[in-house]
1. Dividing the alpha-carbon Rg of the range 191-242 by 2.2 N^0.38 Å yields what?
2. Give the peptides 177-187, 273-283 in descending order of average Cβ contacts within 10 Å, highest first.
3. Which ³J(HN,Hα) values, rounded to whole Hz and listed in residue order, are derived for the range 256-266 from phi using the Karplus coefficients 6.51, -1.76 and 1.60 in 6.51 cos²θ - 1.76 cosθ + 1.60 with θ = phi - 60°, glycine and proline given as x?
4. Within the chain, how many lysine pairs that are 8 or more places apart, or on different chains, have C-alpha atoms less than 26 Å apart?
5. For the range 16-81, how big is the tail of P(r) above 20 Å, as a whole percent of Cα pairs?
6. Looking at the chain, I'd like the Rg to Rh ratio, where Rg is from alpha-carbon atoms and Rh is Kirkwood's inverse mean 1/r.
7. If amide hydrogens are placed 1.01 Å from N in the peptide plane, which non-local residues have theirs closer than 5 Å to the one on residue 207?
8. Taking Cα pairs under 8 Å and at least six residues apart, what relative contact order does the chain come out at, in percent?
Amino acid sequence: MLAPTTIPTVPPTVAPNPASDTGPLLGRSRADLITWVQQQGQPAYRGQQLHQWLYHKGVRSLADISVFPKRWRAELATVPIGRSTLYQRLPAPDGAVKYLLQLADGQIIETVGIPSEKRLTVCVSSQVGCPMACEFCATGKGGFQRNLACHEIVDQVLTVQTDFQQRVSHIVFMGMGEPLLNVEAVLAAIACLNQEVGIGQRSMTLSTVGIPGRIRRLAEHRLQVTLAVSLHAPDQALREQLIPSARPYALADLLAECRDYVQITGRRVTFEYILLAGVNDRPEQAIALAKHLRGFQTHVNLIPYNPIDAAGFQRPDRQRIQAFVNALKTQHITVSVRYSRGLEAAAACGQLRASQR
Ligand code: SAH
């Protein structure tokens with residue numbers, strides 16, 4: 001299944017949660033929460049308290065908000081907040097923790113908490129499954145179920161924050177799904193995480209395989225979020241083999257949109273490049289890649305392949321990876337190698353697939 005033909009309408013600026021007076025409370029702005037408590041006959045300051053308990057204390061039921069009057073709490077016990085249920089928690093020896101979260105309709109998604117010295121990063125999912133069907137990705141092999149709503153994205157961050165008892169500092173949209181196929185909810189979640197949870201946009205990265213026209217449209221929102229584009233091949237023919245959804249999207253068009261993104265937002269674009277032994281890891285391929293990126297404000301992030309079942313790929317050895325790095329450096333491309341965390345819990349890039357439970 002490829003990209004849906006209908007393009008979601010995107011508001012001109014990052015809007016607060018569009019479901020501001022219907023649906024779950026999670027995702028709503030402070031002002032909307034104040035309005036909501038007032039509709040319940042309560043004073044405005046209860047809305048401030050609700051905001052604090054929802055977004056900073058991670059409360060799961062309104063009945064647990066101990067600063068609320070007892071009788072009101074009993075009435076509120078059945079109001080849906082929009083939190084998921086923890087289905088499974090899978091810690092990896094390197095400190096990363098994978099969470100399987102069950103949504104209101106029973107679907108399961110995956111989220112990963114990745115601690116490092118000064119950071120706590122959450123790798124969030126934007127869809128249940130993914131329709132892009134990349135050859136090397138477990139999520140793609142598992143098919144697509146549905147888009148996530150704003151509150152289901154925000155919930156993932158709060159779940160990790162509460163479990164680690166530590167403020168989440170960074171967010172990467174690199175879990176299950178293709179964020180640019182769910183633009184409206186992803187933009188609402190970015191706004192909520194930024195304004196309500198207090199995470200800087202510059203500490204968020206949105207990773208996309210590229211959907212025709214949407215990078216340029218995203219640029220018009222002038223977000224401060226880092227855009228990461230999954231390139232993975234230095235030419236169209238190989239890219240199509242690895243990423244079937246790239247067929248209607250010429251590499252030249254994708255790169256042109258990325259250039260526009262840099263020009264419109266003033267932010268550089270990161271290119272992700274998975275390293276698959278014998279497929280796309282030859283030094284000549286690094287040179288060909290560099291040619292496309294000449295004169296571009298960019299950075300290349302190499303991701304050595306994380307093994308998944310039923311994909312006949314292998315990770316190149318360190319020498320081979322270093323040769324690719326060196327070839328890029330000779331072309332003056334800034335490059336880093338990202339060894340994914342969470343491999344042992346099948347929580348690394350490309351290994352997320354709810355059916356592994
Ligand atoms: N759909 C988005 C985000 C999801 S995956 C995108 O494609 O960018 C985040 C990154 O992990 C992408 O660059 C993706 O190509 C990469 N990835 C997928 N499977 C992988 C695997 N088995 N090993 C290493 N990286 C993988």
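1. Values: Rg = 14.1 Å, N = 52, 2.2 N^0.38 = 9.9 Å.
It is 1.43.
2. Put in order of decreasing packing, that is 177-187, 273-283.
3. Result, ordered by residue: 5, 5, 5, 4, 4, 4, 5, 5, 6, 9, x Hz.
4. So the count works out to 6.
5. 14 percent
6. 0.99
7. 173, 228
8. Numbers: 697 pairs, mean separation 58.8, N = 357.
Relative contact order for the chain comes out at 16 percent.
Any read-out appearing in this document is the output of simple, stated calculations on the displayed coordinates, not a laboratory observation. As the structure is a computational prediction, the values presented were derived from the model and not from experiment. Note that each Cβ is placed from the backbone with ideal geometry, even for glycine, and that neighbours are counted across all protein chains shown.
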